[in-house]
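The values are calculated or read from the model by the stated rules, or taken from the named source; none is laboratory data. Small disclaimer: the values here were computed from a predicted structure and weren't measured. Glycine also receives a Cβ, built like all others from the backbone with ideal geometry; neighbour counts cover every protein chain displayed. When the accessible area is computed, the model is the full protein with side chains, heavy atoms only, and any ligands, DNA or RNA have been set aside. Shrake-Rupley method; radii C 1.70, N 1.55, O 1.52, S 1.80 Å.
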Protein chains: 2
Amino acid sequence: MLTERQRMILNAIVDDYISSAEPVGSRSISKRGDVGYSPATIRNEMADLEELGFLEQPHTSAGRIPSHKGYRYYVDHLLPWSSTNPAEIGAIRAFFADKLNQTEQVVQHAAMILSNMTNYTSILLGPEVFHTSLRHFQLLPLDGNHAVAIIVTSTGQVENRTVQIPPEISVSEMEKVVNLLNSKLVNVPLYKLKSRLYSELAEEMQRHISHYEELMKVLDTALESDHEQRIYLSGATNMLTQPEFKDVDKVKTILDLLEETPTLLKMLTPASEGTGIQVRIGTENKHEAFANCSLITATYSLDGKALGSIGILGPTRMEYARVIGILGVLSRDLTAMLAHWYK
Amino acid sequence: MLTERQRMILNAIVDDYISSAEPVGSRSISKRGDVGYSPATIRNEMADLEELGFLEQPHTSAGRIPSHKGYRYYVDHLLPWSSTNPAEIGAIRAFFADKLNQTEQVVQHAAMILSNMTNYTSILLGPEVFHTSLRHFQLLPLDGNHAVAIIVTSTGQVENRTVQIPPEISVSEMEKVVNLLNSKLVNVPLYKLKSRLYSELAEEMQRHISHYEELMKVLDTALESDHEQRIYLSGATNMLTQPEFKDVDKVKTILDLLEETPTLLKMLTPASEGTGIQVRIGTENKHEAFANCSLITATYSLDGKALGSIGILGPTRMEYARVIGILGVLSRDLTAMLAHWYK
DNA sequence: GTTAGCACTCTATCCAGATGAGTGCTAACC
DNA sequence: GGTTAGCACTCATCTGGATAGAGTGCTAAC
């Protein structure tokens, strides 16, 4: 579709614009060593590229900047698959070396590392509860009225919530029920717990246990699967350092969106099932607040199942090559580490 | 120290400036109904107030703005202790009405309510682990090598971490140790757990249990009291709406500080032990990034012991009266609710 | 003690002109 | 035919000066 020279020029323009954030003129492209043409020739090609929709002009007599389509072409066909800087790989490895003993901590720290390395905003989706199953259930009385319900998952995560215990339910009854639950529901995926509770246990409980209704209500709350997906943000303020966001109002809409968990969740969920690294440029993100942003996501997994995902949010003018490299290394290492932990 | 008229004028200036964010001139004060003097008279008083350090002039021929000292005087002596708007009280009460069954959720939602109501940034310190004690300890095997250590506190919070179990330690041994721990360490404050482990249990364990050293190491990790204090931020981007922060760079230093947990922790810890609401104006905050901010904090408590604190961060030009009112209502209600839960 | 009047200060805003980067087009060159 | 030099043109940005307006401080009168 594009001639070799056009690809070369497009590449040069995107590269230049990524590092300078200023519209790129024909002369500055010509001066680079790698393109051996005069400004006039390049101008002609630029006019063609603009007509094809790969470039844009902020106004007559400004240089060109890549359009979304231009970025897309760059990412899909021109991206220098430069191997990630060894120093950066080292930093990531070092991070995995000092082992933290909680998945949550690891994920949180990973987000911080990422945002520090890239100077963009990193978004991390904690291990997805839906793909994990019950390992152990427990009810721990606090006082006459309350108890803590503790759910331990197959990946070692612990969820807990406080429930109210009606006074008419005795401790021994509770224990019976908890034992029943543990014998019948272990290894059931979390999101199926509640339906299984009704389909498999209801009958047996009704037979052996008084105050059936009240107990079911308690269990219902205890197993409530609003297991809020945990989102870890880091470096949100890095947005402020980008020249395209020197306008406070624009930044606000973006940062506001970042505080909105459900929206973020939707954005981070991979479109097609678990295929490596995804790049969403500008309006390819659903939200108009992100019209000037690009989101690069990767997933990490356990046993081939995507557990969570990692995202980097930056301006459309983003160091795609570098970020993709870093994200790749990190998601692979994270996957490897999880496999090693819970093998 | 100040004459009645000076107090009146200072009050008018601070009020005006709080709502307009523009330097206040003598004429606009005179025009207000409540001050019956001509601009000239007010100018004279303003000059005096400036000499005394309560006012500042951005430049000759601009109006006056309150200095930190001026705000301080306003907060200490002039603050209209207006009762909080009933509608706002209603909103807070409504929030407590739909009961959430996790302390964490409550705190998180409270932060959101606060920032939405005030349009400032709210900072909430989760229930302080140091004041709580152990209710139950448990080790739950995950696989041959790992177990989840679960610590339930007297307030129903659940902490957990994954620990490695050396292969030479048998399950029955683990159980013995856990039972011992539960019989000896329940009701011990969390931060004393580790020292008690050594002072009271070491001897007995050494007598009855093999692999003492390895076990101690496991327990040491399990009881590690890095129980990270949880900080909930909400409405951080509200900062961006304030005209004094239209400069991106200033906002960045503030938002960066907000991402720095340890610093925030220090800021929120009440200076004097648990006495109601504290107001820190401008440079009274230790950090220079907060030189143009005011931080208003309140604590919530259980059994008279401060459990955590709530803070509102805004520009020095802040609606002190309103925020203090809201904060008072919220902290009282939070305290009341906790008392009711864990009575 | 209070206030009207006035000169003075300083900022913000507007406008015109200069600057310069970059383009598009044409014609010449290889 | 592709490439390039030359040139006229466009448009955003920068500059400096003039102007308006808000607000003060001082003095003198009430």
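Some observations on this one:
- For the stretch A:130-223, the relative contact order is 30 percent, taking Cα pairs closer than 8 Å that sit 6 or more residues apart in sequence and dividing their mean separation by the residue count.
- Minimum 50 Å² accessible area buried by the other protein chains, the stretch B:133-156 residues, probe 1.4 Å, relative to alone: B:ARG135, B:LEU140, B:LEU142
- Test item: A:237-247 mean partner chain Cβ contacts at 10 Å: 3
- 14 Å beta-carbon shell around B:SER38, net charge (K/R +1, D/E -1): +4
- Sorted from nearest, the other copies put their B:PRO39 label points 5.5 nm away, the label point being 7 Å from Cα in the direction of Cβ.
- Site-free segments of chain B were taken between chymotrypsin sites (Phe, Trp or Tyr not before Pro) in DSSP loops having at most 16 other Cβ atoms within 10 Å, sites themselves excluded; the longest one is B:82-343.
- Neighbourhood charge, 12 Å Cβ-Cβ cut-off, centred on B:LYS176 and excluding it, Lys, Arg +1 and Asp, Glu -1: -2
- 7 Å along Cα→Cβ, label-point gaps from B:ALA336 to other copies, nm, shortest first: 5.7
- Shape class for the protein assembly as shown: oblate, because the ratio a/c of the largest to smallest gyration tensor axis (alpha-carbon atoms, square roots of eigenvalues) is 1.5 or more and b/c is at least a/b.
- Relative contact order of chain B, defined on C-alpha pairs under 8 angstrom at six or more residues apart (%): 18 percent
- Accessible area per residue for the stretch A:51-201 is 44 Å², calculated with a 1.4 Å probe on protein heavy atoms, without ligands, DNA or RNA.
- When the GluC sites (Glu not before Pro) in the stretch A:273-343 are filtered for DSSP coil states and for at most 14 other beta-carbon atoms within 10 Å of their beta-carbon, the remaining sites are A:GLU273.
- Heavy-atom accessible surface of chain A: percent carbon and sulfur, 1.4 Å: 51 percent
- Considering only the stretch B:132-223, percent of DSSP beta bridges that pair antiparallel, nearest 5: 100 percent
- Shape call, chain A: gyration tensor on alpha carbons, a/c limit 1.5: prolate
- A Cβ-based charge dipole, computed about the Cα centre of chain A with Lys and Arg at +1 and Asp and Glu at -1, lands at about 920 debye.
- Highest GNM mean-square fluctuation among B:PRO167, B:PRO127, B:PRO23, for chain B modelled with Cα contacts below 10 Å: B:PRO167.
- Between 0 and 90 degrees, the angle of helix B:4-20 with respect to the longest Cα principal axis of chain B falls at about 70 degrees.
- Dipole magnitude of the protein assembly as shown about its Cα centre (Cβ charges: Lys, Arg +1; Asp, Glu -1), debye to nearest 20: 520 debye
- Between A:LEU197, A:LEU265, A:LEU233, the Gaussian network model of chain A with springs among Cα atoms under 10 angstrom shows the greatest mean-square fluctuation at A:LEU197.
- For chain B, the longest principal axis of the C-alpha atoms and the axis of helix B:103-118 are separated by about 10°.
- Between this copy and the others, label points of A:PRO166 are 5.1 nm apart in ascending order, each placed 7 angstrom from Cα in the Cβ direction.
- Buried accessible area, chains A and B (both chains, 1.4 Å probe, Å² to nearest 100): 3600 Å²
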